[in-house]
Amino acid sequence: MTTMKQEPAPRQPAGPSPARRQHGPGPAGVAAARCVSRLQRGYRRDNPAAVADLARLRRGAGQTAHMVQDHWGLGGLEELGDALAESSTRVRREHAEEAVYLAVTLWALHQQSVRDGDMHSPGTTLGGAVRTLIQKKTEEKPGSDDSENEPLRKRLVRVGTADSIVSVAVRLREIVLLLRGGQVPLDYGRLADQLCRWQTPSGRAAVRREWGREFHLAAPRRGSTARNGDDGSDAIDPSLSFGGTDDDYGPGD
């Protein structure tokens, strides 16, 4: 009896394992960044329409999407429709809506009355921004110790321990007001993606870990002036990036 010779299985191309594969921004991050970047350019140029939109939006900081009728058509939700259509990343639409609206309204509060700088700055993490603010306060008050900045760290911890998107919104608003006072910027596209994932059970734990890593890895290192990834490293574990297995919904579901 003749036996058929089995062909060897084709070799897979070398590359990073799926758990460590880096992902780009999800639709929530894309939509928030587009909306904020557009409004930020107009606001800093004193464009009347952008100034009026920012004034309306900042009053929604800490609230949820669709609650304020005056914000229908604002808050990045129109940009979200385009981002969902363009993206193959699977997210739940209502989660993305809450994340984008919260990120955009928080930016409006952050940018208020700041005309000489961008308060949306890609690559600036939430934990890293809080660490930067602590460092600025320490430099402004020589001789101060860590205990004087403990309330700032505790505010970040309170965001991490929040148990609802409403609680997250209120606690982030408190941090944003402090960041505005110190003119420390934040990446609102990245924050929107994190807030979108936070709304899933497994995503919530991952995002909490991200915020903790951002804070700790932004600390000054002995013999180095690099902060917040300036040395070429990323303060976020790539295995926790947006687009992993935490969400099982299709675009716009």
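Overview of results
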quantity	calculated
Gly181 at pLDDT below 95 and touching a Phe, Trp or Tyr at 6+ places or on another chain (Cβ under 6 Å)	no
Residue within segment 175-198 that is among the hydrophobic types (A, V, I, L, M, F, W, C), without any contact (Cβ under 8 Å) to a residue 24 or more places away in the chain and open to solvent by 60 Å² or more (accessible area, probe 1.4 Å) present	no
Residues satisfying the stated conditions in segment 188-223, i.e. in contact with a helix residue (DSSP H, G or I) (Cβ under 8 Å, 6 or more places away or on another chain), assigned to a loop (DSSP other than H, G, I, E, B) and not hydroxyl-bearing (Ser, Thr, Tyr)	Gln199, Ala218, Ala219, Pro220
Selection within segment 79-92 - within 17 Å of the chain's Cα centre (by Cα) and assigned to a helix (DSSP H, G or I)	Glu79, Leu80, Ala83
Selection count where residues are at pLDDT 90 or above and of a type in the set (Ser, Thr, Tyr), scope segment 114-160	4
Matching residues in segment 156-174 - criterion: being buried (at least 17 other Cβ atoms within 10 Å of the Cβ) and outside any helix (DSSP H, G or I)	Ala162
Complete set of residues in segment 109-128 that are in contact with a Gly (Cβ under 8 Å, 6 or more places away or on another chain) and either among the hydrophobic types (A, V, I, L, M, F, W, C) or assigned to a helix (DSSP H, G or I) (or both)	Gly127, Gly128
All positions within segment 96-132 that are open to solvent by 10 Å² or more (accessible area, probe 1.4 Å) and over 23 Å from Asp53 (Cα atoms)	Gly123, Thr124, Arg131, Thr132
Failed item, numbered, when Arg153 is tested on (1) open to solvent by less than 70 Å² (accessible area, probe 1.4 Å); (2) in a helix (DSSP H, G or I)	(1)
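The values are calculated or read from the model by the stated rules, or taken from the named source; none is laboratory data. Quick caveat, the model's predicted, so the values are computed rather than measured. Backbone-built Cβ (ideal geometry, glycine too); neighbour counts: all protein chains shown. Surface areas here come from the heavy atoms of the whole protein model, side chains and all, with no ligands, DNA or RNA. Shrake-Rupley method; radii C 1.70, N 1.55, O 1.52, S 1.80 Å.
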